[in-house]
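No lab work stands behind these numbers, since they all come straight from the coordinates. Keep in mind the model is a prediction, meaning the values are calculated, not measured. So basically every Cβ, Gly included, is an ideal-geometry build from the backbone, and we count neighbours across all protein chains shown.
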Amino acid sequence: MFAYYLQLGLHSLKRNPLLTALMIFGIALGIGTSMTSLSVFYLMGSDPIPWKSDKLHAVQLDNWSKEEPYRPPNEPPDQVTYLEAKALMEAGKADLQAAMYKVVWPLQPDNAEIKPFSSLGRATFKDFFAMFEPPFKYGNAWDAAQDNEHARVTVLSSALNEKLFGGQDSTGKKVRLNEIEYTILGVLDKWQPRVKYYDLTNGAFNDAEEYYVPFTTAIELQTQGSGNNSCWESSKPGWDGYLASDCVWIQFWVQLNSQAREDEYMTFLNNYVNEQKKLGRFPRPLNNRLPDVNEWIEAQGVVSRDAQIQVGLSFAFLIVCLVNTIGLLLAKFMRKSSEIGLRRALGATRSQLFTQHLVEAGVIGISGGLIGLVLTWLGLMAVRALYADLNNVARLDWVMVLTAIGLSVAAAVLAGLFPTWKACRITPAVQLKTQ
Amino acid sequence: MLKMNHLSKVYRTHLIETHALRDFSIHVREGEFVAVTGPSGSGKTTFLNIAGLLEEFSGGEFWVDGVDVRGMNDDQRSRLRNEKIGFIFQGFNLIPDLNLFDNVDVPLRYRGFSAADRKRRIEETLSRVGLASRMKHYPAELSGGQQQRVAIARALAGSPRLLLADEPTGNLDSLMARGVMELLEEINRQGTTIIMVTHDPELAARAQRNVHVIDGQVTDFESEPQLRVPAAGNDANVAIA
């Protein structure tokens, strides 16, 4: 019977092309608007590394001022000091660990045709690659010895390798960063986390780095971070003074492969801070945290309140479109009341007619959904054009495509329920008499 | 085939009550061709609607083919209507944007016949009414008489045991009316019970039995109806309660 209902639904839609077009476009507009904002919202908040997001933890240590919290009501800083980064790396208590910070260096290509340019990099440790799993196209990362030796080595992004070496295997070649030559050990494949969760303080939706160098090398070269730096008291003068200060500017991530390892690491952090308290540091009560990736994204407000309101408004617009569709469907089904009466006289049960008309509403929904998807695609293109920082999240994925289709069918069926119910209440005798 | 005992139908509004049928009793036996006559507003169509299970009644008893209709829910009445009753309307009531094949197909779809069975039945009944060659035509491409023949084919396709006709020739000229009437007589000869509401005394006279309705009550009937001998050998006799 479903095939018959589908056939009748399509037939009925062809009967009133203008009315049908109005209904489909109404739903498409609602779906397009709501799915555009929902897609951005969904990708902003979705798990960027689902296979291990519960094992990766940001380290938060509350070294802030006694007088006030880093952020009300009692949030610890979202970065750590150099002193803590160094101590935690030397302790090596996690399964994997990496301190890191953002650097911007001028890059001087050997190719004279390419002018020197400012390029974004990340100073970090070898475990960064094992923890966040960027795919390698050529070569691999540096090792612990090169971390310890402050080696002049680097890993390039796919885009930078393309720019400098035309995409060829450049491992073993040199690249000049801020007047110093670095040996290329590896080249990444295309890698762009939707949310740059390992450094949310410097922009959740920024592009991934163009190169990676050892943290120890950047420190030895006295390279100041190009990201956020927060201090609650002035640091002593000079580079060493800065490194010894309570200013927070380094992101610190650990991988802990079990709950037991997480508990152990938290105990280690608490013991470390208690030891520091004896030295007169960490004046606030113990407030260390180890949020995993999703907790970190939520705590850092990656999905802004504005985005939530926008999704709410777009769904309100979808409801307006649905109300409009209810009115049009009601008019359409009431115009068909004589046919409905006739079908009842010819033996159709109310439930058969109900299903038939819901299928018709569903056909409108699917059509509206497909056009809505095109509008969503256009909407996301517009978002990308207007907001460059949302380039990575203003995209359609399969989940959203299926959600759009499902939502539009559900919306159309929902809109069709009342008109269908009303149509099926028609007394056949009355309709047949008025023929 | 159809039996009503002391049936009543009252339409109520908050101001008035209208008794469309009162103490209405009739017994139509299998194979009969009964004409129901009466002035406008006498209750003929109400009777036909109740007989076709399109309207509920207010009181009394009612059986269709031995099945007590009282207490049946809407779905049960729809199934009974679909299996046992065929309708022919004065206004043909064909669906304009379906071709003849698909129009005749409508009741068969709800009956759940297989595609092959439906096709066979549609072709057979359209052949029977002389329109097999116009299966893919639309109602608007046919004359009134041809449209009524399609409506008859639609009513017959499911092999109903009872055919209810509401002024089946009311919208036709006399030539076409005669053709439709001859077709109904032929159908009746093959064993289908027919109840036909009509204003036309000439048509009524061609039925085996006339029932006259005034003010919602049966006032007159032929006491000794003459049965046609059905082609299928049906020898049922007829009585009016």
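General observations
- Computed [θ] at 222 nm, deg cm²/dmol, chain B (DSSP H ≥ 4; -39,500 (n - 2.57); rounded to nearest 500): -10000 deg cm²/dmol
- Per-pair calculated FRET efficiency, R0 = 35 Å: A:TRP51 and A:SER351 via Cβ, rounded to 0.05: 0.15
- Cα-centred dipole magnitude for the protein assembly as shown, charges only on beta-carbon of K, R (+1) and D, E (-1), debye, nearest 20: 1940 debye
- Helix B:74-84 axis, angle to chain B major axis (alpha carbon atoms, nearest 10°): 60 degrees
- Two-decimal ratio, segment A:62-190, of alpha-carbon radius of gyration to 2.2 N^0.38 Å: 1.26
- Residue exposure sequence - B:GLU202, B:GLU56 - by fewest surrounding Cβ within 10 Å: B:GLU202, B:GLU56
- At q = 0.18, 0.24 Å⁻¹, base-10 log of I(q)/I(0) for segment B:145-225 (Debye sum, equal scatterers on each alpha carbon): -0.79, -1.27
- Axis of helix A:350-386 versus longest Cα principal axis of chain A: the two differ by about 40°, to the nearest ten degrees.
- Between segment A:12-72 and segment A:278-302, the C-alpha centres lie 26 angstrom from each other.
- Among A:TYR182, A:SER34, A:VAL293 the positive-end extreme of the charge dipole of the protein assembly as shown (Cβ point charges): A:SER34
- In the frame of its principal axes, segment A:17-101 has Cα extents of 72, 35, 20 Å, reported largest first.
- Segment B:128-140 - phi-based ³J(HN,Hα) in whole Hz, Karplus 6.51/-1.76/1.60, Gly and Pro as x: 4, 9, x, 10, 4, 7, 10, 3, 8, 7, 9, x, 5
- On Cα atoms only, tilt of A:82-91 relative to the major axis of chain A in degrees: 90 degrees
- With N the number of residues in chain B, Rg(Cα) / (2.2 N^0.38 Å) evaluates to 0.99.
- In sequence order, calculated HN-Hα J values of segment A:274-282 (Karplus, 6.51, -1.76, 1.60; Hz; x Gly/Pro): 4, 5, 5, 4, 4, 8, x, 9, 6
- Over all directions, the projected convex hull of the C-alpha atoms in segment A:350-412 averages 4.4 nm² in area.
- From its DSSP helices (H runs of at least four residues, each -39,500 (n - 2.57)), chain A gives a residue-normalised ellipticity at 222 nm of -16500 deg cm²/dmol.
- Note on A:ASN148 and B:ARG70: their simple-model spin labels are 10.1 nm apart, each label 7 Å out from Cα toward Cβ.
- Computed over neighbours whose Cβ is under 12 Å from that of A:GLN108, the net charge equals 0, Lys and Arg +1, Asp and Glu -1.
- Take each peptide in A:318-329, A:153-164, count the other Cβ atoms within 10 Å of every residue, and average; sorted highest first, the result is A:153-164, A:318-329.
- A Förster radius of 41 Å combined with the Cβ-Cβ distance from A:VAL323 to B:ALA140 puts the calculated FRET efficiency at roughly 0.70.
- Here, chain A has an Rg and a Dmax of 29.9, 98 Å when only alpha carbons are counted.
- Amide H contacts under 5 Å for A:GLY139, placed H, 5+ residues apart: A:VAL187
- Extreme residue, positive dipole direction of the protein assembly as shown, given options A:SER230, A:ILE219, B:PHE62 (C-beta unit charges): B:PHE62
- Difference of contour (0.36 nm per residue) and Cα-Cα distance, B:LEU175 to B:ARG189: 2.9 nm
- Under 20 Å, Cα to Cα: Lys pairs in segment B:2-221, sequence gap 8 or more or different chains: 5
- Between A:GLN300 and A:GLN276, the distance separating the two model label sites (each 7 Å from Cα on the Cα→Cβ line) works out to 1.9 nm.
- Using distinct alpha-carbon pairs, which all enter the 1/r mean, Kirkwood radius of segment A:260-316 in Å: 14.3 Å
- For A:CYS231, A:CYS247, order by how many other beta-carbon atoms lie within 10 Å, fewest first: A:CYS231, A:CYS247
- Using Cβ point charges alone (K and R +1, D and E -1), the dipole size of segment B:2-221 about the Cα centre works out to roughly 560 debye.
- Applying a DSSP loop filter and a limit of 15 other Cβ atoms within 10 Å to the trypsin sites (Lys or Arg not before Pro) in segment A:280-344 leaves A:ARG281.
- Dimensions of segment A:56-291 from C-alpha coordinates, computed as largest minus smallest value along each principal axis and given longest first, are 56, 42, 33 Å.
- Selection among A:LEU279, A:SER119, B:GLN217 by position relative to the dipole of the protein assembly as shown gives B:GLN217 as farthest towards the positive end (Cβ unit charges, Cα centre).
- Between A:THR427 and A:ASN391, the contour length at 0.36 nm per residue exceeds the alpha carbon distance by 7.3 nm.
- The Cys residues in chain A with no partner Cys Cβ within less than 4.7 Å of their Cβ are A:CYS321, A:CYS424.
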